[in-house]
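Following: one structure in structure tokens, then a few remarks.
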Amino acid sequence: MSQTVNPDRLFEAFPAPSYRGNQEQALRDIRDAFAAGNDVVLVRAPTGSGKSLLARAVAGCARTVEDADPSEATGAYYTTPQVSQLDDVAADDLLADLNVIRGKSNYTCILPEERNTPVNQAPCVRERGYDCSVKHRCPYFSDRAIASNREIAAMTLAYFMQTAGSEVFRKRDVVVIDEAHGLAEWAEMYATIQLGPRTVPFWDDLRVPQIDGIERAVRYAENLEQTCTRRKDDLLSQESLSPREVRERDRLQELIGELDWFVSDYRDPQSPTTWLVDQSEPHAGDTGDGTDDDTDEARGGPLTIKPMNPEKYLAHTVWDRGNKFALLSATILNKAAFCRQVGLDPEAVALVDVGHTFPVENRPLYDVTQGKMTYEHRDETTPDIARTIVRLMQRHPDEKGLIHAHSYDIQGRLAELLCDFGVGDRIRVHDRDGRDADLEEWKASDDPDVFLSVKMEEALDLKGDLCRWQVLCKAPYLNTGDSRVAHRLEEGQWAWYYRTALRTIIQACGRVVRAPDDHGATYLADSSLLDLFDRARTDTPDWFSAQVDRMTRPDLPAFDPQAARAGSGTGRSTNGETNARRRGRSGSRPHRSGRSSNSATSSSSSSSSSNSSRSSSSPLADVWETDGS
């Protein structure tokens, strides 16, 4: 048998003409880690380390076809959870040999009469036995053929997991996962089964009972799987399907796989997975007494079936897909805990630390805390944070700012208050549907606008003047209304809870400082953030501890909304219009690309069951978050 990954090729596989920062030392450490016999190497590399270049070097060490026996795995996979990260890879000339493949829905059919049809709804999937005359030129099948036959195939983690067991994307010698810190959470999310009107095509035809435990959920899943199979077979028997029927068929196939996985995993006595089930109230239109029309059985609403510790799922979708693995991230904070979460043996895993090359004085943290932003304190704290944002706008009159609002509830409150203060002409917001377009519009503008964002702590590159300051409005604790979170906290996993929040903070702090000569300030407005730094101190990387230790409380200008507006409307947008004219307003309300302001301020509903009452003596009292946004 030929040798698997050849770490001696790391340096020749590095794609850049020269090294920067600590890249050369990182390659040495990665080489030594693989040479020592480790199957998995964790590379903890902070922002600006050039993780994608390191990833390409590791992928380039994979066994080649020329060096392998016919039965041996060759080549490499590069995968990342973030679509934006994959877009960056596709646009980087240094990474041109990472052959990118995306899901069918990202490609458009090239048949003349189907130019607006995504490939996953094209005639080749609508009509049985369809012989496409241009399949050899189809963008999807062309990209898939190239990616499957070249040495390095690049794809999102979702696509990578979905292709487990595929004859096209078989096991390879090396798997590289970028931004791997959330691998366990992503696996839990992908393996979660949502059963409701949006996910089950014939939901309104179902009789859904009240599910009083996991055993009842398994029996219901078995029955539902049989129903889905019958309906799918009916669709497959037809000669031709409409686009709607194609979507139903494909969703039924996905649902059958999800239900089968859940039932078989639960029935497997060796599986480490713990399953939880949440059920919400029946939708309007069900019988008024809450019972089935034909039986005395109580009616139930939509279901969410969630896995915890999805080691078996990861074994099938990730660990069985390669011989050697490199997992890269700035925020793999605790090696042993990370390995436990993803089902790895820490003894077979090496951790390589890459030093931070950005001067600590270029990435300052500032304490502008105004109180706690837990749900019960939010009403009194939010106005103070809004006033602080106005003062920060005065401090940065000609510079763009980013506000990490944490939830749409907080975003809506801040937007309303800032408008009431008279600085709305410098404020931009987004809603759930248009977040990417609104973000790109803000980035493209030359005006010093302040963007109220939700869940943008990761995968956002705001280099240089794209953003010079940001505010963290709330400690980003996970929602304790989520049954998985509640279950872990009931088991006393508070270190995990604090570590997860710290990870998000570190990721957020990296959004505005992207190079050694870049600079950007991060302001902390929630006093719970300071408490979190103390609780998670042992899991904090040294380079971030240096930021925390240097944190000071700045002298801010006295509250003056007129001064905060000074920089607004003076710049020019990409089409030459001023801010106020482009908004179509008088500068009094925040910009949201013409969408209704109501959509950004409405909080999302939660189907999780209620938790026990809070206790001021419990750690939970300091971090409670149940708004679900």
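Estimated purely from DSSP H runs of n ≥ 4, each contributing -39500 (n - 2.57), the mean residue ellipticity at 222 nm for the chain is -10500 deg cm²/dmol once divided by its residues. Sorted on the mean count of surrounding Cβ atoms within 10 Å across their residues, most packed first, peptides 191-198, 42-49 read 42-49, 191-198. If you take all other residues with their beta carbon under 13 Å from the beta carbon of Ser545, and give Lys and Arg +1 and Asp and Glu -1, the sum is -1.
Summing charges over neighbours of Asp345, with a neighbour being any other residue whose Cβ is under 13 Å away from its Cβ, gives -1 when K and R count +1 and D and E count -1.
Here the dipole of the range 145-235 is about 240 debye; that uses its Cα centre as origin and unit charges on the Cβ of Lys and Arg (positive) and Asp and Glu (negative). What you get for the range 96-197, charging only the Cβ of Lys and Arg (+1) and of Asp and Glu (-1), is a dipole of about 380 debye around the Cα centre.
How would you classify the range 121-270 from its alpha-carbon gyration tensor, with a ≥ b ≥ c the square roots of the eigenvalues: rounded for a/c under 1.5, else prolate if a/b is greater than b/c, otherwise oblate? Note, shape of the range 121-270 comes out oblate.
Can you give the percent of C-alpha pairs in the chain whose distance is more than 35 Å? Percent of Cα pairs beyond 35 Å in the chain: 48. Report the Cα centroid-to-centroid distance between the range 69-92 and the range 414-433 in angstrom, as an integer. Using only Cα atoms, the two centres lie 40 Å from each other.
Of the trypsin sites (Lys or Arg not before Pro) found in the range 505-569, those in coil by DSSP whose Cβ has at most 16 other Cβ atoms within 10 Å are Arg550. Computed about its Cα centre, the charge dipole of the chain is approximately 1480 debye, with only Lys, Arg, Asp and Glu carrying charge at their Cβ. Between Phe202 and Val168, full extension at 0.36 nm per residue minus the direct alpha carbon distance yields a gain of 9.0 nm.
For the range 36-44, putting each phi into the Karplus relation 6.51 cos²θ - 1.76 cosθ + 1.60 with θ = phi - 60° gives couplings of 7, x, 6, 7, 10, 10, 8, 10, 8 Hz, in residue order, rounded to whole numbers and with x for Gly and Pro. Using R0 = 56 Å, the C-beta based FRET efficiency linking His377 and Glu215 works out to 0.85. Mean projected area of the Cα convex hull of the range 145-190, taken over all directions, amounts to 3.5 nm². Suppose each label sits 7 Å from its Cα in the direction of the beta carbon; what would the Thr274-Glu361 distance come out to in nanometres? A separation of 4.9 nm, rounded to one decimal place.
When the Cα positions of Asn223, Leu462, Thr381 are compared along the charge dipole of the chain, Leu462 comes out farthest toward the positive end, with charges on each C-beta of Lys, Arg, Asp and Glu. Distances between placed amide hydrogens fall under 5 Å for Val471 paired with Leu402, Ile403, His404, Tyr523, all partners being 5 or more residues away or on another chain.
Packing, taken as the mean count of other beta carbons within 10 Å per residue, orders the peptides 157-168, 263-274 from highest to lowest as 157-168, 263-274. Judged by the mean number of other Cβ atoms found within 10 Å, the most tightly packed of the peptides 81-92, 301-312, 447-458, 110-121 leads the ranking 447-458, 301-312, 81-92, 110-121. Count Lys and Arg as plus one, Asp and Glu as minus one, and take only other residues whose Cβ is under 14 Å from that of Asn149; the net charge is then 0. The GluC sites (Glu not before Pro) found in the range 205-255 that occupy coil by DSSP, while having at most 14 further C-beta atoms within 10 Å, are Glu239. If the chain linking Asp92 and Ala16 were pulled fully straight, counting 0.36 nm for each residue of separation and taking away their Cα-Cα distance, it would gain 26.3 nm. The residue list Leu472, His519, Val548 was ranked by how far each Cα lies along the charge dipole of the range 435-554 toward its positive end, using unit charges on Cβ atoms, and Val548 comes out on top. Can you work out the FRET efficiency for the pair Glu347 and Asp234, with r the C-beta to C-beta distance and R0 = 45 Å, to the nearest 0.05? With R0 = 45 Å, the Cβ-Cβ based efficiency is 0.30. Accessible-area rank, largest first, for Asp465, Asp539: Asp465, Asp539, with all protein chains present and a 1.4 angstrom probe. The simple Förster model, with R0 at 41 Å and r as the Cβ-Cβ distance, assigns Arg435 and Glu66 a FRET efficiency of 0.35.
Straight Cα distances below 20 angstrom link Lys312 to the lysines Lys171, Lys324, Lys335, with same-chain residues fewer than 8 positions distant left out.
Residue ranking by accessible heavy-atom surface, 1.4 Å probe, largest first, among Leu236, Leu466 comes out as Leu236, Leu466. Distance from the C-alpha centroid of the range 141-157 to that of the range 473-523: 34 Å, rounded to the whole angstrom. Of the beta bridges in the chain, as assigned by DSSP with both residues counted there, near 20 percent are antiparallel. Could you tell me whether the range 295-434 comes out rounded, prolate or oblate from its Cα gyration tensor? Rule is a ≥ b ≥ c as square roots of the eigenvalues, rounded for a/c under 1.5, then prolate if a/b exceeds b/c, otherwise oblate. It is oblate, given that a/c is not under 1.5 and a/b is not larger than b/c.
Starting from the Cα of Ile146, move 7 Å in the Cα-to-Cβ direction to define the label point; list residues of the range 45-85 whose amide nitrogen is under 16 Å from there. Counting backbone N atoms under 16 Å from the label point, the list is 78. The candidates Glu127, Glu361, arranged from most to least accessible area with a 1.4 Å probe in the full protein assembly, appear as Glu361, Glu127. Would you mind checking the range 416-450 for residues with the amide N under 14 Å from a putative spin-label position 7 Å along Cα→C-beta of Phe559? Answer for this model: 417-423.
The values are calculated or read from the model by the stated rules, or taken from the named source; none is laboratory data. Model, not experiment: these values are computed from the prediction. Heads up, the Cβs are rebuilt from the backbone with ideal geometry, glycines too, and the neighbour counts pull from every protein chain shown. Side chains are part of the model used for accessible areas, which takes the heavy atoms of the whole protein and leaves out ligands, DNA and RNA. Shrake-Rupley method; radii C 1.70, N 1.55, O 1.52, S 1.80 Å.
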